[in-house]
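Read through the structure below, which is laid out as structure tokens, and then see the notes.
The values are calculated or read from the model by the stated rules, or taken from the named source; none is laboratory data. Only a predicted model underlies this, so the values are computations on that prediction, with no experimental measurement involved. Ideal geometry is used to build each Cβ from the backbone, glycine not excepted, and the neighbour counts take in all protein chains shown. Each accessible area value is taken on the protein alone, full model and side chains, heavy atoms only, with ligands, DNA and RNA left out. Shrake-Rupley method; radii C 1.70, N 1.55, O 1.52, S 1.80 Å.
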Amino acid sequence: GAGVSQSPSNKVTEKGKDVELRCDPISGHTALYWYRQSLGQGLEFLIYFQGNSAPDKSGLPSDRFSAERTGGSVSTLTIQRTQQEDSAVYLCASTPMVSGRSYNEQFFGPGTRLTVL
Amino acid sequence: GNSVTQMEGPVTLSEEAFLTINCTYTATGYPSLFWYVQYPGEGLQLLLKATKADDKGSNKGFEATYRKETTSFHLEKGSVQVSDSAVYFCALSGTGNQFYFGTGTSLTVIP
């Protein structure tokens, strides 16, 4: 079946512009996660959705970052007034839930590489 | 709180050498533990997992045992190949449905 997809795969933007990154999770996966991976770094958690609600937004680096999820499916991560330090690979992952807890692994998308000039 | 600490790299080994990448964790409750692998130019994919103490996860010749007494989940492989060159991430899933990843360990295997 189809895996997690993300678009665009690459995005180059100018400092100060807004960008939107999209994630399509695996059908039926109720949990969706956004991470940021900077060059040579590990995964930085950004936000987690259970259905359409986001019980954990603790990882968003600033108020320039926001995310939403509609219909329990597609999610959009928006970065306003981009800065050079926002350059990174943004990863999305989804996972099915069992009895309110995720016992299963996360399935990752290929990521969006964002470059802010 | 929950966290994962894994061995810093980079690690360089000759083909057929023995591999150990250390991973220790801090968690409340009884987390599930995972190793993910990221091959060059690709996304993260699950390598193996263990969901309770003393479980051993295994895949592609890699193994890791969930050790609650030492809060560890070390990754091992008896004989590495060039194709194992990748970045390896240790992770845990806690009771809050949150996943915590280590910083990753880069492995390069030379012929």
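Within the stretch B:93-111, take every residue that is assigned to a strand (DSSP E or B) and within 11 Å of chain A (Cβ to nearest Cβ) and give me the one that is most open to solvent (accessible area, probe 1.4 Å).
B:100
Can you tell me which residue is least open to solvent (accessible area, probe 1.4 Å) among those in the stretch B:1-49 that are modelled with pLDDT under 90 and under 22 Å from residue A:88 (Cβ atoms)?
B:43
Only one residue in A:62, A:75, A:66, A:58 is at the interface with another protein chain (Cβ under 10 Å from one of its Cβ atoms), out of contact with any Gly (no Cβ under 6 Å at 6 or more places or on another chain) and polar (S, T, N, Q). Which one?
A:58
Run residue A:80 past the list (1) more than 12 Å from chain B (Cβ to nearest Cβ); (2) at positive phi and report the number of the one that doesn't hold.
(2)
Every residue in the stretch A:31-40 that is surrounded by fewer than 17 Cβ atoms within 10 Å (Cβ to Cβ) and in contact (Cβ under 8 Å) with a residue 12 or more places away in the chain, please. It would help to see each step written out before you state the result.
Restricting attention to the stretch A:31-40, the residues satisfying the condition of being surrounded by fewer than 17 Cβ atoms within 10 Å (Cβ to Cβ) are A:38-40.
Those that are surrounded by fewer than 17 Cβ atoms within 10 Å (Cβ to Cβ) and in contact (Cβ under 8 Å) with a residue 12 or more places away in the chain: A:38, A:39.
For the list (1) assigned to a strand (DSSP E or B); (2) polar (S, T, N, Q); (3) within 23 Å of residue A:89 (Cβ to Cβ), I need the number of the one condition that residue B:83 fails.
Unmet condition: (1).
Looking at (1) touching a strand residue (DSSP E or B) at 6+ places or on another chain (Cβ under 9 Å); (2) surrounded by fewer than 20 Cβ atoms within 10 Å (Cβ to Cβ), which one does residue B:57 not meet, given that it meets all the others?
(2)
Between A:59, A:72, A:3, which is within 21 Å of residue B:31 (Cβ to Cβ) and either surrounded by 17 or more Cβ atoms within 10 Å (Cβ to Cβ) or not polar (S, T, N, Q) (or both)?
A:59
Residue-wise test of (1) in a strand (DSSP E or B); (2) touching a residue at least 40 places away in the same chain (Cβ under 8 Å).
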site	(1), (2)
A:2	no, no
A:11	yes, yes
A:15	no, yes
A:22	yes, yes
A:45	yes, no
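Applying the selection to the stretch A:49-99, what residues are part of a loop (DSSP other than H, G, I, E, B), among the small types (Gly, Ala, Ser) and within 18 Å of residue B:100 (Cα to Cα)?
Within the stretch A:49-99, A:58, A:59 qualify.
Name the single residue that is farthest from the other protein chains (Cβ to nearest Cβ) among those in the stretch B:60-77 being of a type outside the set (Val, Ile, Thr), open to solvent by 50 Å² or more (accessible area, probe 1.4 Å) and out of contact with any helix residue (DSSP H, G or I) (no Cβ under 9 Å at 6 or more places or on another chain).
Filtering first and then ranking leaves B:69.
Of the residues A:28, A:111, only one is touching a residue at least 24 places away in the same chain (Cβ under 8 Å) and within 11 Å of chain B (Cβ to nearest Cβ); which?
Criteria check complete, one pass: A:111.
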